[in-house]
Amino acid sequence: MSTLHVFPSPATNRRALAGIEGVVPASRLGVRPQPETIPTGIPQVDALTGGVPRGGLTEIFGPASSGRTSLLLALMAQATAREEVCALVDASDAFDPHSAAAAGVDLQRVLWVRCGEVSRFKCHVSRGRLETRNVKRETPRVEQALRAADLLLQAGGFGLVVMDLGDIPPAIARRVPLTSWFRFRRAVENTATALVVVEQEASAKSCAALVLKTRQSAVSTQQSAKTRIVPTHTRLLCGMQLEIEVLNSRAQRKPVRSTTTSFESRASWVG
């Protein structure tokens, strides 16, 4: 004995879904609006990415002298120029305020969180007297940075929050659990804050809305002037030709193909 199965037509399904409160057919769904962004201040990068998305996590990664700091300072300069407050969580205490000011960053609008050694005191009673002993115990810098960034995101009010792990060894940065990145993603979404993480290797995986890889392609130098201080056989660094590669971008409707652009970073002493 055979069994006859009757399946409803697509029109019947649409009528049934229309009768359910809160269900909107796919044909009536609008196009998801593009997220607001903060321009990086580098025309080539902005033309490629549209800027750093608000309400999302952006990763900027690459080796030392690859342009990640130049890109970060340009982004902070743009944010402070729009009278927004920025927070920088410096895991390695490597931020140079003088270079930032030379790049156009308004330091009056920057909250600098410096991670470092934390001293703890151990107290005990000896012969009726309270004695204290300094116990040096260094809380892992990455752990400090994660806690600080979490508090800043929960507090709100920042246009840009940066967590700089650029000088943290990749082997240590990879130990950050994926749950922490998901927590950051949830904390920043649906807000006007852009969260940027600077590191040597990408770690946030699918939690990142935008992933940028930086690398150095060329270095320009010039012969040093003949002075009593600088030897004549030395050469001065004038700038670097840098490349930015987009590895992931949720703002694009189609699957992302690796796209690259380049720009030049000039030294502040070059006219």
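The values are calculated or read from the model by the stated rules, or taken from the named source; none is laboratory data. Everything numeric in this text was worked out from a predicted model, so none of it was measured. Don't worry about glycine lacking a Cβ; one is built from the backbone with ideal geometry, like all the others, and counts go over all protein chains shown. Ligands, DNA and RNA are stripped out before the accessible areas are found, and what is left, the full protein with its side chains, is counted by its heavy atoms. Shrake-Rupley method; radii C 1.70, N 1.55, O 1.52, S 1.80 Å.
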Within the stretch 58-77, the residues that are on the phi < 0 side of the Ramachandran plot and surrounded by fewer than 23 Cβ atoms within 10 Å (Cβ to Cβ) are 63, 64, 66, 70, 73, 74, 77
Against the definition (within 23 Å of residue 93 (Cβ to Cβ), β-branched (Val, Ile, Thr), open to solvent by less than 30 Å² (accessible area, probe 1.4 Å) and in a loop (DSSP other than H, G, I, E, B)), how does residue 162 come out, yes or no? no
Where residues in the stretch 67-98 are among the hydroxyl-bearing types (Ser, Thr, Tyr) and within 15 Å of the chain's Cα centre (by Cα), which of them is farthest from residue 186 (Cα to Cα)? 70
Can you find, within the stretch 80-127, the residue that is modelled with the highest pLDDT among those that are basic (Lys, Arg) and farther than 21 Å from residue 42 by Cα? 114
Answer yes if at least one residue in the stretch 187-205 is modelled with pLDDT under 90, of a type outside the set (A, V, I, L, M, F, W, C), out of contact with any Asp or Glu (no Cβ under 9 Å at 6 or more places or on another chain) and part of a helix (DSSP H, G or I), and no otherwise. yes
The conditions are (1) of a type in the set (Gly, Ala, Ser); (2) open to solvent by less than 40 Å² (accessible area, probe 1.4 Å); (3) modelled with pLDDT under 80, and residue 249 fails exactly one of them. Which is it? (3)
